[in-house]
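The values are calculated or read from the model by the stated rules, or taken from the named source; none is laboratory data. Just so it is clear, the model here is predicted, and its values are computed rather than measured. Every residue, glycine as well, gets a Cβ built from its backbone with ideal geometry; the counts of neighbours run over all protein chains shown.
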Amino acid sequence: MEWCGMFVNYCFRRAAEEYGVNLPWGNTTFWTGSSVTDWAYRNTDVLVGEYPIYPGDIYVMNKGHIGMVRTTTAEGSDVLYTIDGNQSTFKEGAKSLVRRTRQLGDMRIIIRI
């Protein structure tokens, strides 16, 4: 089962509960790459179109994987430092949550809530 988007949804839901705010996507659990992309294109104010890219921004990769940015990205950088769920290789000792270095060109969209 792919749960990368559910990990991001969980993190944002917990933060919203902590701060007593509503999430812009409501109670839906639509977190697949295509559904997040569709939602963002219907709510264009959440799309990040320029630098900087901030920690907590959500990304969807071209192949549909979803994660969060963990380090601010400066203008001109083509690298994103991310935290990704659903990354287990199913080997003993493997980690399901992993810090990654990703290429900006591999991203379909970046979203800021």
For the stretch 28-41, which positions are assigned to a helix (DSSP H, G or I), polar (S, T, N, Q), at pLDDT below 90 and surrounded by 12 or more Cβ atoms within 10 Å (Cβ to Cβ)? S35
Checked the stretch 98-112 for anything of a type in the set (V, I, T) and surrounded by 14 or more Cβ atoms within 10 Å (Cβ to Cβ); matches are V98, I109, I110, I111
Pairs only if they're at least six apart or on different chains, beta carbon under 8 angstrom, first in the stretch 73-94 and of a type outside the set (A, V, I, L, M, F, W, C) and in a loop (DSSP other than H, G, I, E, B), second at pLDDT below 60 and loosely packed, with under 12 Cβ neighbours inside 10 Å; list them, first residue then second. Q87/K95; S88/A94; S88/K95
Suppose we filter the stretch 59-70 for residues that are without any contact (Cβ under 8 Å) to a residue 60 or more places away in the chain and under 14 Å from D38 (Cα atoms); how many remain? 5
Do we find a residue being modelled with pLDDT of 80 or more, closer than 16 Å to Y10 by Cα and either buried (at least 17 other Cβ atoms within 10 Å of the Cβ) or not acidic (D, E) (or both) anywhere in the stretch 42-53? no
